[in-house]
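These notes are about the structure you will find just below.
Bear in mind that the values in this text are calculations on the coordinates, not laboratory data. If you're wondering where the values come from, they're calculated on a predicted model, not measured in any experiment. Cβ placement follows ideal geometry from the backbone for every residue including glycine, while neighbour counts extend to all protein chains displayed.
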Amino acid sequence: MKRKRQDGYYFLRGNRSRKAHIIDLAAFLSKAFLFTGIHQIQSSVNLPLVQDIIKDYLDKEGSNVAPGKPNELAESILQKTPLPLKNFFRTYTNNEKEFFCLDEYTYLVSDAVNILCRVLEVYLDIRYENRHRSEIGRSIATAYITKKNIPKAVHGAMENTGFMDYFKYVEFDEDVDLASVRTIEKEFEVLNRAYFSGKAFKDVTLRFRKCWIVRRGDKQIQIKKDFLNP
């Protein structure tokens with residue numbers, strides 16, 4: 001049947017006693033998700049950093065939970081129960097007609113958003129940390145594996161380098177400057193005679209690789225460091 005909107009209601013033209021309240025569904029669902037989400041985080045996430053955020057909020061706002069004008073969000077957290085959905089609505093009368101709408105509860109929404117954002121920051125930090133550890137793990141794992149498809153000229157230099165007199169195996173990066181290698185060989189021989197009496201280290205593998213150092217602060221800074229081409 002045809003419907004008509006008037007004074008915050010839908011009503012049927014054929015039967016005006018059949019009325020339905022009008023409400024902004026998107027606004028209602030977003031608030032319901034926000035407040036029930038805080039409860040789910042409190043009850044199911046056991047990370048100390050996350051629980052500390054909720055405890056910090058209670059330490060600051062829990063004192064406002066008192067008869068008369070309580071902080072409904074802090075009270076629900078203390079009781080470990082979801083914020084009742086009935087708290088989302090406010091009823092009022094206008095021209096002898098009863099209406100209801102979503103209650104603003106501006107401070108509760110602001111508090112809940114603040115808690116959720118702080119929790120998301122924790123998870124973002126954990127994500128960065130896990131990715132950083134993963135990258136470190138990959139770099140360590142591949143550091144002991146000889147690269148494939150090394151150019152013949154570089155491979156020949158690896159087999160004939162003076163370092164082979166001192167080490168079990170020697171690998172050069174494909175971008176190595178072979179002239180610089182010969183300079184480093186001479187410097188190593190001098191240092192070895194001065195500090196190790198010309199000792200050989202036949203159980204040691206020597207690899208020259210490029211490496212990247214990444215620091216995360218206010219922004220990411222990537223520094224490329226080439227040991228053979230300073």
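Take each of the peptides 146-153, 199-206, average the number of other beta-carbon atoms within 10 Å over its residues, and list them starting from the highest.
Peptide ranking by packing, descending: 199-206, 146-153.
Counting 0.36 nm for each residue step from SER180 to ASN94 and taking away their Cα separation leaves a gain of 22.1 nm.
In this simple spin-label approximation, HIS132 and LEU120 carry label points 7 Å from Cα along the Cα→Cβ vector, and these lie 2.2 nm apart. Close amide H partners of GLU171, meaning residues 5 or more places away or on another chain with modelled amide H under 5 Å apart, are LEU206, ARG207, PHE208. Extension gain for LYS152-ASP52 works out to 30.1 nm (0.36 nm per residue, less the C-alpha to C-alpha distance).
As a quick test, which of the pairs LYS60/LYS86; LYS152/LYS199; LYS55/LYS80; LYS31/LYS80; LYS148/LYS199; LYS148/LYS186 have an alpha carbon distance above 23 angstrom in this structure?
Values: LYS60/LYS86 25 Å; LYS152/LYS199 30 Å; LYS55/LYS80 12 Å; LYS31/LYS80 18 Å; LYS148/LYS199 30 Å; LYS148/LYS186 28 Å.
Checking Cα-Cα distances, LYS60/LYS86; LYS152/LYS199; LYS148/LYS199; LYS148/LYS186 exceed 23 Å.
Modelled this way, with points 7 Å down the Cα-to-C-beta line, the labels at TYR195 and LEU85 are 7.2 nm from one another. Listed values for the range 147-160 are Karplus-derived 3J(HN,Hα) couplings in whole Hz (6.51 cos²θ - 1.76 cosθ + 1.60, θ = phi - 60°), namely 5, 8, 6, 6, x, 4, 4, 5, 4, x, 5, 5, 6, 10, and x replaces Gly and Pro.
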